[in-house]
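Just so you know, all these numbers are worked out from the coordinates, no wet-lab data involved. Predicted model, so just to flag it, every value in this text is computed and none were measured. A quick note on method: Cβ atoms are made from the backbone with ideal geometry, for glycine too, and the neighbour counts reach across all protein chains shown.
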Amino acid sequence: MHLLKTATVAVCSALLSQAAYVAPWQQLPATPQLPSSTFGATANVNGIKLWYATFGAGGALSSNPPIIVLHPGLGSSRWMANQINYLKTLPYTTIAIDARGQGRSTDDPSKPITYDLMAQDVLALLNQLHISKAIFVGWSDGGNVALNIAMTNPSKVDRIFAYGANYIPENFNASAAETAPTVPLAYARFEAEYKQINPYPKNWDQIFARVGDMQAKLPQWGGAAFATIPTPYNSNNYPLIWIVDGDKEEIVNRDVPTQISDWVRLVSPNR
């Protein structure tokens, strides 16, 4: 009996001494590294040098439209490396782009950063690469850029996978920085990685403020904006669009993906 009691105490002590359980969604895993690219360069578009790299088989001019990968705000294409590692195994060319002023791309402080302007940057690159239509995979701001292209240049869009997009700034969870431990960790990592890879590492405070100003004001979309995207109701040439989010999303409010999805599926100018 004494031995059983001693063993029980020892097991309980060991369990109590272990670190408290932390759920996976409360942790920030290491930023993955990009795989080796088949080509990488910067393109002169709209007064900046826009970094991009290609991955996988095929080629931008293959029969399959290329996949354009767009990262979250203040991050870089590294934050999409897990997706790129998968996509490069498919019979498509994957093209990762660092948004203006972020990642490895330069900025033009004379122009405010907007989703319209970042969409124009992507379109300008596609034109330089002679790409007539593409598939877009975007996370957060990257998803917003993809949706912007669908609204303004739908003929360029084969399909979109938009993760964590929003339609107005108020869609953000105002208490995310206090309630989600991953948020301040992510911002600290954005800064550290920016200073490692951007051509102008001393400009972090400026780009942080400029992207933050955009996110505080934009986008300003509603049903009418999404009604500009062709649908089966009004076109035989419409893009396929997935609006998705995580079940433990920290920043975007839970009802946002459903609202965007409803607008994309159900709203059309002829209804």
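Using θ = phi - 60° in the Karplus curve 6.51 cos²θ - 1.76 cosθ + 1.60, the 3J(HN,Hα) couplings for the stretch 103-113 round to x, 9, 8, 8, 10, 10, x, 6, 10, x, 6 Hz; x is entered for Gly and Pro. Tally Lys and Arg at +1 and Asp and Glu at -1 over the other residues with C-beta under 14 Å from the C-beta of residue 222: what net charge comes out? That works out to -2.
Counting other Cβ atoms within 10 Å as a rough exposure proxy, the listed residues 210, 254 run 254, 210 from fewest neighbours to most.
Give me the mean projected area, in nm² to one decimal, of the convex hull enclosing the Cα positions of the stretch 69-116.
Values: hull surface 15.1 nm².
Hull-based average projected area comes out at 3.8 nm².
From its DSSP helices (H runs of at least four residues, each -39,500 (n - 2.57)), the chain gives a residue-normalised ellipticity at 222 nm of -11000 deg cm²/dmol. The local environment of residue 100, defined by Cβ-Cβ distances under 10 Å, has a net charge of -1 under the rule Lys, Arg +1 and Asp, Glu -1. Centroid-to-centroid, using Cα positions, the stretch 165-196 and the stretch 27-47 are 20 Å apart.
In terms of its alpha-carbon gyration tensor, the stretch 21-147 comes out oblate; a/c meets the 1.5 threshold, while b/c is at least as large as a/b.
Checking the a/c ratio against 1.5 first, then a/b against b/c, what shape does the Cα gyration tensor give for the stretch 28-266?
Details: a/c = 1.41, a/b = 1.05, b/c = 1.34.
Rounded.
What's the exposure ranking of 158, 262, 255, 98, going from fewest to most Cβ atoms within 10 Å? List each step's numbers first, then the result.
Numbers: 158 16, 262 13, 255 9, 98 24.
Ordered by Cβ neighbours within 10 Å, fewest first: 255, 262, 158, 98.
Between the residues 129, 70, 242, the greatest Cα displacement towards the positive end of the dipole of the chain, with unit charges on the Cβ of Lys, Arg, Asp and Glu, is found for 129. Listing 261, 140 from fewest to most neighbouring C-beta atoms within 10 Å gives 261, 140. Charge dipole of the chain (Cα centre as origin; +1 on each Lys and Arg Cβ, -1 on each Asp and Glu Cβ, all else neutral): 480 debye, rounded to the nearest 20.
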